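What follows draws every value from the coordinates through simple rules; no lab data is involved. Fair warning: this is a prediction, and the values are worked out from it, not measured in the lab. Backbone-built Cβ (ideal geometry, glycine too); neighbour counts: all protein chains shown.
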Amino acid sequence: MRRQLRSLVSATGLLVLLPAADALAVELPVRKAGLWEMKMVRTGGTVPDMTMQHCTDATTDKQMSTSFSPGKETCSKQDVQKTASGFVSDSVCGVAGMTITSHAEIIGDFNSAYTVKVTSRSEGGPANVTRDSATTIEAKWLGACKGDQKPGDIVMPGGMKMNILELDKLKAMMPKGMQK
């Protein structure tokens, strides 16, 4: 269970690498309401590949964007640009004594499927280590949320379920620099 919580924090951390919509000149679209399957494959890190399901609606997506995105005090650069096929995001953020430089390419329609490819470099931190990683998230819309789900629910591998809107619990697990 502890490993699944770390995986959830890491997956949520990917969303942190995408700047908050209110800090952007270009806003990322809100995903279609319903149940999304998200397959995350990561290289260069310790987080295992995983597939999770996320029940969402417009309010939840907007809240996640603002709640989990670092502010100007954490990031010296947050830039999102619209491209012919989607969006590109570049950021430089300081988290828990590390500098994280990331580049994300986002393609898809946010109604049926999208892909996020993130490359990042983490430098510094307690171990003063430089680490490069690449993560791909392939998301597809499955339909309406299941009857026992509400917006914000995430079902992790093994069936562990938590609600992303219960921010206090999740924030307590995140490094201090990522908490708002």
Quiz item: What full-extension length gain, to one decimal in nm, is calculated for Met160 and Val26 as 0.36 nm per residue of separation minus the Cα-Cα distance?
Solution: 44.8 nm
Self-check item: Spin-label pair Ala113/Asp49, simplified geometry with 7 Å Cα→Cβ offset, distance in nm
Solution: 1.7 nm
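Structure shown: which of Lys62/Lys150; Lys39/Lys77; Lys117/Lys146 lie over 20 Å apart, alpha-carbon to alpha-carbon?
Working: Lys62/Lys150 15 Å; Lys39/Lys77 28 Å; Lys117/Lys146 28 Å.
Check vs 20 Å cut-off fails for Lys39/Lys77; Lys117/Lys146.
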Quiz item: In nanometres, what is the gap between the two model label sites at Glu73 and Val88, each 7 Å from Cα along Cα-to-Cβ?
Solution: 3.2 nm
